[in-house]
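To start, the structure under review is shown below, and the notes come after it.
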Amino acid sequence: MFFIGWKLVALVVGIGMAAICGVCVFLHERRQGRPAMVVRLALVLVAIRATVGLSSGSATVYLAQEVAIDTLLGCAVLASLRSSRSFAARFAGEFYPYPQQVLESATYRRVMRRTTVVWGIYFLLRALVRLTALLTLSTDGYVLVAALSDAPFLIALLAWSVYYTVGTFRRSEQWGSMIAAAEASPSSPY
């Protein structure tokens, strides 16, 4: 949204369109009854970026914030491994309502920790790619790199997170037989 508004009208319009898009996604998630923790985090980041972008009046400054945000996200995600609930464990409930027994299991903790490590590394690598693009390319080139390193990789990483989580639970001693029995049940939605 930023790029469309910026290129077709002006920097301020692009920033405004990005902010409006973030608010719309947040409102949609809340209307669906979801806690929208991921969207809340994204909305805070959009507000920060909009404030800095508008106050600087520079597309480069606006875009450079992505490098800083990705670096901070990567460090925060990896730092969450020191807490009792890793980054992935904090957001897993957004995607699937795990029963308490699962939340307390060693399999769940192991899956969430590994998923957290992968996400943290992704954010740090994305920051490095974007920094390189910011320093070596035009703003249009940077936007292309940012777009290519964003949605396609995020979608792939989300798919991997689900695939890895389901596969690990299916192979686990604690949950594998229960999942197989549930899937074999004639009344199972699977």
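Odds and ends about this structure:
- Residue satisfying all of: in region 8-24; buried (at least 16 other Cβ atoms within 10 Å of the Cβ) and among the β-branched types (V, I, T); farthest from A88 (Cα to Cα) among these: V13
- Sole exception among (1) β-branched (V, I, T); (2) farther than 30 Å from L11 by Cβ; (3) touching a residue at least 40 places away in the same chain (Cβ under 8 Å) for V117, by number: (3)
- Matching option when the condition is of a type in the set (A, V, I, L, M, F, W, C) and touching a helix residue (DSSP H, G or I) at 6+ places or on another chain (Cβ under 8 Å), among C24, C75: C75
- Residues being hydroxyl-bearing (S, T, Y) and either within 17 Å of L72 (Cα to Cα) or buried (at least 21 other Cβ atoms within 10 Å of the Cβ) (or both) - total across region 87-131: 4
- Residue match in region 49-72 (condition: touching a residue at least 24 places away in the same chain (Cβ under 8 Å), of a type outside the set (G, A, S) and over 19 Å from V143 (Cα atoms)): no
- Residues (aliphatic (A, V, I, L, M) and touching a residue at least 24 places away in the same chain (Cβ under 8 Å)) located in region 126-138: A127, L131, L134
- Helices (runs of 4 or more DSSP H) wholly inside region 1-100 containing at least 3 residues that are within 17 Å of the chain's Cα centre (by Cα) and either of a type outside the set (F, W, Y) or under 25 Å from L144 (Cβ atoms) (or both): 11-31, 37-56, 59-79, 87-92
- If you go through region 101-111 and keep only what is assigned to a helix (DSSP H, G or I), of a type in the set (D, E, K, R) and free of Cβ contacts under 8 Å to residues at least 40 places away in the same chain, you end up with just R109.
- Residue within region 49-71 that is over 26 Å from V13 (Cβ atoms) and crowded, with 16+ Cβ neighbours inside 10 Å present: yes
Any read-out appearing in this document is the output of simple, stated calculations on the displayed coordinates, not a laboratory observation. A quick note: this is a predicted structure, and the numbers were derived from the prediction, not measured. So basically every Cβ, Gly included, is an ideal-geometry build from the backbone, and we count neighbours across all protein chains shown.
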